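What follows is one structure encoded as structure tokens, with my remarks underneath.
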Amino acid sequence: MTNNTLQFDIDELDEWVTPTPLSDPVFTAIFQNAEVSALAMRSFLNATLIDSGDNPVSEVVAVTPQSIHSDTSARGFRIDVEATTDSGEVALVEVQLKPFSATIERALLYSEQSLASRAKRGQTLEQVTSAMPKVIVVNILEKAIRETGGFHQVVELLYREPPYERATDRLSIHNIELDKYREMHKTNLDTALHCWLTAIYRSQDNRRTLKEEVDMDAQLKAYYDSDPGFAQFVDRHGIVAATPDIRKAYRRWQYDIMLDKLDEERRLAKIAEQFAQSEARGKAEGKAEGIAEGIAKRDMEIALKVFASETKRGRSMNDIIEILRDYSITEKVIEAVINANK
């Protein structure tokens, strides 16, 4: 296939493919900044927080996409959000799409940075702690990172002894696991989060725009008409998905995913090959070591028998040593036999 043919095929695909809402380039374009997505982000965050019984945020102040390159095979994006609560507290929120090998640990690391972000040199501990924001991490995950539990997993700092209660409300991590939600086959969309997730996963699976999915479901359409934030998200997806630059970025993202998978497969194959070689060397070394041990044991048995019989005959030590050498017994074995018979 020539490069011209390849380019033609890519352009032809771009004519019909619908970029999915949770792909990195699309999601970050939807939430490009607070001006175009503050209502949508507030609606999604509150749908998540209310589902877990937490207090909602009152206003989203800033929305900022951030690129992530944890290593060469773990590229992705997150959305950093600054919001306020009804009580005037500042909430720093991170929305993460791609699961990393240490998703929770990574969330804790970034949370630590956010918790300390407002500390100033020279402040007392009391001043630092009073200025600490709430940090909320929301991970939207295609695949569950925990086999047990429901689709909405909340991680917090708790007292281990009864009564089980929060040690602090400054940090919470929400893992939304879409594969578990799909398995529920919910037909009654009785919460805001159910509406959000149903629209998202149907759009993901069917490769249709969010608006198409909403228009085909009376419950989603009713929620769209009643929630301006959800409507903003749905409409933004339609705009972004039709943008030529985003469509090209989506195709590049798909290729990056394939290349990342290929790199991972090659890396695992290399590790497997190295392990196999190491195991083979170990077997060879073990076999050689076993042979050597067998020879040493045989030589020791011979040396002991020669030493015993020749001693009975009245042979001198020097004569016995020479006889053992004639049998090609090593000096080490000879020395061991002599020491054993002192």
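Taken together, the values in this text are just the output of simple stated rules run on the coordinates, not laboratory data. Please read these numbers as outputs of a predicted model, since none were measured by experiment. Here the Cβ is made from the backbone with ideal geometry for all residues, glycine too, and neighbour counts use every protein chain on show.
How far apart, in nm, are two points set 7 Å out from the Cα along the Cα-to-Cβ line at Tyr327 and at Arg160?
With each label placed 7 Å out from Cα toward Cβ, I get 6.3 nm.
Between Arg207 and Ser87, what's the calculated FRET efficiency when r is the beta-carbon distance and R0 is 51 Å? Round to 0.05.
Efficiency computed from Cβ-Cβ geometry: 0.75.
Rounded to the nearest 0.05, what FRET efficiency is calculated for Glu310 and Glu273 with R0 set to 45 Å and r the Cβ-Cβ distance?
Between Glu310 and Glu273 the formula returns 0.25.
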